[in-house]
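Comments concern the structure below.
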Amino acid sequence: MSEEWKHASWVSTLGKWAWVIGIISGIIELFLGIYGVIIIGTATAVLGIGIFGIGNSIWYIISGIITVLISFVIIKPKFSDKCANKDWDNLYNWVLIIGKARIPWMLLWGIIIEIFGFGWGGIPIIVCSLVLLFAGPKPYEWKVE
């Protein structure tokens, strides 16, 4: 397989930095959650209001931590480092097999980061995955043979 194909340059660059974007997304969400707990907690203590909004802030804290951990522990070594090295074969073979279907982990983790992230943390992973899957250097095999 050729190392260079039409989209190799920008997919490699975007994928290389995807883990950093995920971490930034998680940190922003974490800080917003902490800020919300402080503000809502103060309003609850002083004014007796806001108890229902604190759950959202706690969710921000939890999902921010999850996003940072996934970005550092999974996305960096399994996705971003592979994109930086243009190791497309490794990304094509990083799959979850369900029955006869080969589900690409890169796309699944992008969706997971998007769910837990601050609304844009998983976009670089999803974009790179979709380009590799549908306009990559070779056709992606969706079925186990």
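Annotations for the structure displayed:
- Boolean, residue 121 is of a type outside the set (A, V, I, L, M, F, W, C) and not in a helix (DSSP H, G or I): yes
- When the range 3-34 is filtered for residues that are at pLDDT below 90 and open to solvent by 70 Å² or more (accessible area, probe 1.4 Å), the ones remaining, listed by number, are 3, 4, 6, 9.
- Considered as a group, the residues in the range 88-145 that are among the aromatic types (Phe, Trp, Tyr) and under 16 Å from the mean Cα position of the chain (by Cα) include one that is surrounded by the fewest Cβ atoms within 10 Å (Cβ to Cβ), and that residue is 120.
- Every residue from the range 124-144 that is part of a helix (DSSP H, G or I) and without any contact (Cβ under 8 Å) to a residue 60 or more places away in the chain: 126, 129, 130, 133, 134
- Residues located in the range 79-109, provided they are in contact with a Leu (Cβ under 9 Å, 6 or more places away or on another chain) and under 18 Å from residue 10 (Cα atoms): 79, 82, 83, 88, 91, 92, 106, 107
- Filter pass, residue 80 being among the hydroxyl-bearing types (Ser, Thr, Tyr) and either open to solvent by 20 Å² or more (accessible area, probe 1.4 Å) or touching a residue at least 60 places away in the same chain (Cβ under 8 Å) (or both): yes
- Flag if residue 38 is open to solvent by less than 70 Å² (accessible area, probe 1.4 Å), part of a helix (DSSP H, G or I) and at pLDDT 75 or above: no
The values are calculated or read from the model by the stated rules, or taken from the named source; none is laboratory data. For clarity, every value in this text was computed on a predicted model and none was experimentally measured. Glycine gets a Cβ as well: all are built from the backbone with ideal geometry, and neighbour counts include every protein chain shown. For the accessible areas, the whole protein counts, side chains as well, though only heavy atoms, and no ligand, DNA or RNA atoms are used. Shrake-Rupley method; radii C 1.70, N 1.55, O 1.52, S 1.80 Å.
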